[in-house]
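Scroll down for the structure; my scribbles are underneath it.
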Amino acid sequence: MLGIDCPKPCKGRWPTPPFDPRFPKQNQTRNCYQNFLDYYPCVKRTNRRGKSTQPCDDYFRVFRALCPLSWVQRWTEIKDGTFAGKI
């Protein structure tokens, strides 16, 4: 899958992402981007603490549901400090 795989085996369909009051408008581009940025630090923190990454799965599901796969692929390929967000 385009550079990013499911944290667990992907089974069935995922429900529509829940309403996020930080992004009340119809355009969900910022919601997609913010959940992408929140996912990786969450995984990094939980792995460092030796805990399960299950709480981070919500971020993953939301950005996979909202973001076009081409965006996700491009964001995961950008390296060497050129990416605008901190991962």
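Figures for the structure shown
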read-out	value
Whole-Hz ³J(HN,Hα) from phi, Karplus 6.51 cos²θ - 1.76 cosθ + 1.60, for region 21-28, glycine and proline x	x, 6, 10, x, 7, 6, 6, 9
Linear extension gain, F19 paired with D58, 0.36 nm per residue minus alpha-carbon span	12.8 nm
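All of the numbers you see were taken from the coordinates with simple rules; none came from a lab. Predicted model, so just to flag it, every value in this text is computed and none were measured.
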